[in-house]
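Participant: Handing you this structure, nothing more for now.
The values are calculated or read from the model by the stated rules, or taken from the named source; none is laboratory data. All of these numbers come straight from a predicted model, not from anything done at the bench. Neighbour counts run over all protein chains shown; Cβ positions are idealised from the backbone, glycine included.
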Amino acid sequence: MMKTVVIAGALGVIGRGVLAYYEDKDVELVAISRRTPDFPTRARHLSGDLLDLDFCRYLSTQLTQATHLVFAAYQEVPSQEGLVKVNLRMLMNIVDALEAAAPNLRHITLMQGGKAYGVHLGGMPFSPAKETDPRHMPPNFYYDQEDFLRDRAEGKPWGWTALRPEGVVGLAIGNPMNLLMVIAVYGSIAKELGVPMSFPGSVQAYSALYQVTDTRILAQAVDWAGETAHCRSEVYNITNGDYFRWSRIWPRVAHFFDVSVGEPLPLSLSEVMVDKSDLWKKMVGDHGLRSHTYEEIVSWRFGDLIFKSTFDNITSTIKARQHGFVHCIDSEKMFIEMLTELRQQRFIP
């Protein structure tokens, strides 16, 4: 039977990376998102909100051949309690739809991340973090989603796997949690204004250890987990496989934009970059860039979250490697490759 991969949240930075990975594979592709794609894809696209029960009933009629679900959908709300309610409900709704309609469902991949270790609370109690580390005091919607799948899959023919990337980097526009676009737009504007590309965080954040996950690596992990029996009911940290300090990466990035590095300057991107909308519009015209609005192309709030972290944010990927996932990439090389791709595709000057 033909493998049919359903990607929920297909236009987010993770979902789009998974979609791109499967484009040239011998599988059927179904993309689900609230927005419609602004890029070519062979996937059958279903547009709607997973909180809408009418839409989910419609999905039951459209996903009868589904064999794999990649759940990368996410909706932001102000409170932790609200995050649990909204994001758990989306997962429950699509699993209900698939179980009712797709008798050949084999695997669900759930996307988690560093929040499972409490990084959003300002630290990481154990470093490098391991999948066996204890949970922090809830609420945390990752925990509720994982517990739901663990209970729901009991005695079922389908299994699940949770993947935990960190600082996901990929070629996607219109996503609030894409570190690549924060760096790309910040560097482009620094070049345009003729100012140093100062690291927008403290000296401590500049020298702390960090890690990222290339969407291409993450997509390979999705494929691996969905086809490997011993990945059922398991959780894996998935990163590029290396650690780095921004103090090493940042000069390379500044060189890419042909600007000076400057000294670390703990400024708030959300405050100092908010008035650059008109400048970006002018840059789009002057440099012949793709006509995405300033608000669509970057989220400064996410940049502040990443660049203000003064603790070592590192996770162990030993478990994944011991279980057979060996893909990796040099993060310094990855940033330059992806920035070059953004320039070639006219997203940045």
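Participant: For region 301-333, how many residues meet the condition of being assigned to a helix (DSSP H, G or I) and buried (at least 21 other Cβ atoms within 10 Å of the Cβ)?
Facilitator: So the count comes out to 5.
Participant: Take residue 55 and decide whether it is within 23 Å of the chain's Cα centre (by Cα), aromatic (Phe, Trp, Tyr), in the same structural domain as residue 27 (by TED's automatic domain parsing) and on the phi < 0 side of the Ramachandran plot.
Facilitator: For residue 55, the condition - within 23 Å of the chain's Cα centre (by Cα), aromatic (Phe, Trp, Tyr), in the same structural domain as residue 27 (by TED's automatic domain parsing) and on the phi < 0 side of the Ramachandran plot - is not met.
Participant: Is one or more of the residues making up region 238-246 surrounded by fewer than 14 Cβ atoms within 10 Å (Cβ to Cβ) and part of a helix (DSSP H, G or I)?
Facilitator: No, region 238-246 has no match at all.
Participant: If you don't mind, another one. Restricting attention to region 153-200, and to residues there that are among the acidic types (Asp, Glu) and assigned to a loop (DSSP other than H, G, I, E, B), which single residue is surrounded by the most Cβ atoms within 10 Å (Cβ to Cβ)?
Facilitator: Going through the qualifying residues, I end up with 166.
Participant: Further, regarding this structure: Restrict the check to region 136-144 and report whether at least one residue is among the aliphatic types (A, V, I, L, M), touching a Ser or Thr at 6+ places or on another chain (Cβ under 9 Å) and surrounded by fewer than 22 Cβ atoms within 10 Å (Cβ to Cβ).
Facilitator: Scanning region 136-144, I find no residue that is among the aliphatic types (A, V, I, L, M), touching a Ser or Thr at 6+ places or on another chain (Cβ under 9 Å) and surrounded by fewer than 22 Cβ atoms within 10 Å (Cβ to Cβ), so the answer is no.
Participant: Give the number of residues within region 80-108 that are in contact with a strand residue (DSSP E or B) (Cβ under 8 Å, 6 or more places away or on another chain), among the aliphatic types (A, V, I, L, M) and touching a residue at least 60 places away in the same chain (Cβ under 8 Å).
Facilitator: Final tally of qualifying residues: 3.
Participant: Right, another one. Among the candidates 314, 336, 249, single out the residue that is touching a strand residue (DSSP E or B) at 6+ places or on another chain (Cβ under 7 Å) and not acidic (Asp, Glu).
Facilitator: Answer to the check: 314.
Participant: Further, regarding this structure: Based on what the data block shows, is residue 47 free of Cβ contacts under 8 Å to residues at least 60 places away in the same chain, in the same structural domain as residue 121 (by TED's automatic domain parsing), hydroxyl-bearing (Ser, Thr, Tyr) and in contact with an Asp or Glu (Cβ under 9 Å, 6 or more places away or on another chain)?
Facilitator: Judged against the criteria, residue 47 is not a match.
Participant: Name every residue in region 84-132 that is within 23 Å of the chain's Cα centre (by Cα), assigned to a loop (DSSP other than H, G, I, E, B) and of a type in the set (S, T, N, Q), in order of residue number.
Facilitator: Across region 84-132, the qualifying residues are 112, 127, 132.
Participant: With respect to residue 207, is the statement that it is assigned by TED's automatic domain parsing to the domain that holds residue 119 and hydroxyl-bearing (Ser, Thr, Tyr) true?
Facilitator: No, not satisfied.
Participant: Looking only at region 49-67, decide whether some residue is at pLDDT 95 or above, touching a strand residue (DSSP E or B) at 6+ places or on another chain (Cβ under 7 Å) and not in a loop (DSSP other than H, G, I, E, B).
Facilitator: yes
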